[in-house]
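To start, the structure itself, in structure tokens.
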Amino acid sequence: MSVRTTVFIDEQHCSPEGEFDADDARSWHWVVYDEVDGGKVPVGVTRLVPPRSHGIHTSEANGHAEGEEQFPSAPAREENKPYVKITRVAVLPAYRNRGLGKYLVDNALEWASSHPEQVSAQQQQQREEEEEGHEEWSGLVLVHAQVQAEKAYEKMGFVTDESMGSWWEEGIRHVGMWKTVEVEKHTHKDKDKERENGL
């Protein structure tokens, strides 16, 4: 959390209340460390928020700018498909322009694409709590990109959804961007069994 505090709260002046939300506990987190003075220091982070069975992620409902709240428009496409969400991508200033943000996002998406059963398990748990049935996650990914980072996400294969418009989150202009990753057909358990059998 120290990287997020430095980047989002100290540098970008986001509120602590908006930075740490209910999605933290249910998300998967990635951290890049640097070795400093014989110890490991976190220098970059991201998180992957699992699909919700309906509605929007909590972080999609806390945008504001100068006292006026604004929210993203509902996407015209893919709105009924479950999606994971890449959020809280942050790299300390001294470590930027080294490809660490891309490295974090790529690793998170690679993990999700090769562990769809774990992504779906999170979604299934929420379905059971809400007694609703929905389509399984099939590789759809959303990011709320700061406008200044839009080009960087384009290079990672994300496409801006013009139907969502742009909006303010914590005083910073954002756009919605989508990407679809290929989901492996067999599960991680199958891969473990193959390794045990020497395949």
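The values are calculated or read from the model by the stated rules, or taken from the named source; none is laboratory data. Every value quoted in this text rests on a predicted model; they were computed, and no experiment measured them. Note that we place each Cβ from the backbone using ideal geometry, even for glycine, and neighbour counts take in every protein chain shown.
Got at least one residue in segment 159-168 being at pLDDT 90 or above, over 16 Å from residue 49 (Cβ atoms) and in a loop (DSSP other than H, G, I, E, B)? Within segment 159-168 (the criterion being at pLDDT 90 or above, over 16 Å from residue 49 (Cβ atoms) and in a loop (DSSP other than H, G, I, E, B)), the answer is yes, since at least one residue qualifies.
Considering segment 173-199 alone, what residues qualify as being outside any loop (DSSP other than H, G, I, E, B), under 24 Å from residue 108 (Cα atoms) and at pLDDT below 95? Across segment 173-199, the qualifying residues are 188, 189, 190, 191, 192, 193, 194, 195. If the condition is being touching a residue at least 12 places away in the same chain (Cβ under 8 Å), out of contact with any helix residue (DSSP H, G or I) (no Cβ under 8 Å at 6 or more places or on another chain) and exposed (fewer than 12 other Cβ atoms within 10 Å of the Cβ), then segment 3-46 contributes only 13.
There is at least one residue in segment 112-126 that is under 13 Å from the mean Cα position of the chain (by Cα) and modelled with pLDDT of 95 or more. Flag: residue 88 does not match the condition of being modelled with pLDDT of 90 or more, closer than 17 Å to residue 169 by Cβ, in contact with a His (Cβ under 6 Å, 6 or more places away or on another chain) and assigned to a strand (DSSP E or B).
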